[in-house]
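J.: To start, I am sharing the structure in question, which I have written as structure tokens.
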Amino acid sequence: MTPDATCIGAKETALEATKKMTELGVGALPICGTNNKLKGMLTDRDIVVKVIGAGKDPAQVKAGDLAQGKAVTIGADDEAETILRTMSRHKVRRLPVIDGHKLVGIVTQADVARALPDPDVGDLLEAISA
């Protein structure tokens with residue numbers, strides 16, 4: 001897990017999110033609403049496809065408007081098998097880690113690749129990419 005995930009506020013713009021992603025060297029940020037409650041994930045691809053590709057102004061589109069449905073998360077105490085199963089089932093490369101209602105980190109596909117044996121990683125990549 002990468003601890004201390006930095007959120008983009010739901011009321012911040014896609015342009016601000018892009019700047020934050022650049023500054024942090026990441027391709028995704030959790031979208032947090034009031035009280036740092038997770039609303040979703042925002043990826044660089046979301047910004048390209050849903051904002052720029054759609055001809056919208058990134059300085060006007062709010063990050064919270066790009067959140068879709070309920071965020072897929074894992075608990076801070078979840079086992080590696082739960083992480084793999086959740087990533088595979090939902091075909092996601094990043095999972096926010098929640099402790100109670102508080103965002104405490106993110107587990108990424110790269111975190112899994114570094115921590116688990118090759119066969120498990122291969123199975124995950126196949127499930128996400130299929």
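Where a number appears in this text, it was derived from the coordinates with a stated rule and is not lab data. Please read these numbers as outputs of a predicted model, since none were measured by experiment. Methodologically, a virtual Cβ is constructed for each residue, glycine included, from the backbone with ideal geometry; neighbour enumeration extends over all protein chains shown.
J.: Please name whichever of Gly9, Thr43, Thr22 sits farthest to the positive end of the charge dipole of region 2-129, dipole taken about the Cα centre and charges placed at Cβ: Lys and Arg +1, Asp and Glu -1.
T.: Positive-end residue among those listed: Gly9.
J.: Follow-up question, since we're still on this one. Computed FRET efficiency, Cβ-Cβ of Ile52 and Arg114, R0 41 Å: what is it to the nearest 0.05? Walk me through the intermediate numbers first.
T.: Details: r = 32 Å, r/R0 = 0.78.
Calculated value: 0.80.
J.: Just to check I understand the Karplus step: with θ = phi - 60° and J = 6.51 cos²θ - 1.76 cosθ + 1.60, what whole-Hz values come out for region 22-37, glycine and proline as x?
T.: Once θ is set to phi - 60°, the couplings for region 22-37 become 4, 4, 8, x, 10, x, 7, 9, x, 9, 10, x, 5, 6, 6, 7 Hz.
J.: Please identify, among Thr13, Thr22, Thr73, the residue showing maximal mean-square fluctuation in a Gaussian network model of the chain using a 10 angstrom Cα cutoff.
T.: Per the Cα network of the chain with a 10 Å cutoff, Thr22 tops the list.
J.: Using the C-alpha gyration tensor of the chain, what are the square roots of 5 times its eigenvalues, in whole angstrom, with the largest one first?
T.: 26, 17, 12
J.: Taking amide H positions as placed 1.01 Å from N in the peptide plane, with prolines and chain starts having none, which residues 5 or more places from Ile106, or on another chain, fall under 5 Å of its amide H?
T.: Thr2, Ala5, Val97
J.: Sticking with this structure for a sec: Based on Cβ point charges of +1 for Lys and Arg and -1 for Asp and Glu, what charge dipole magnitude is obtained for region 1-102 about its Cα centre, in debye rounded to the nearest 20?
T.: Computed charge dipole of region 1-102: roughly 380 debye.
J.: To test your reading of the geometry: what angle, between 0 and 90 degrees and rounded to tens, separates the Cα axis of helix 118-129 from the longest principal axis of the chain?
T.: For helix 118-129, the angle is close to 40 degrees.
J.: With each pseudo-label sitting 7 Å past Cα toward Cβ, what's the Met1-Asp99 distance in nm, one decimal?
T.: Going by the 7 Å Cα→Cβ label model, 0.7 nm.
J.: What is the angle, in °, between the Cα long axis of helix 80-90 and the longest principal axis of the Cα atoms in the chain? Nearest 10 is fine, range 0 to 90.
T.: 50 degrees
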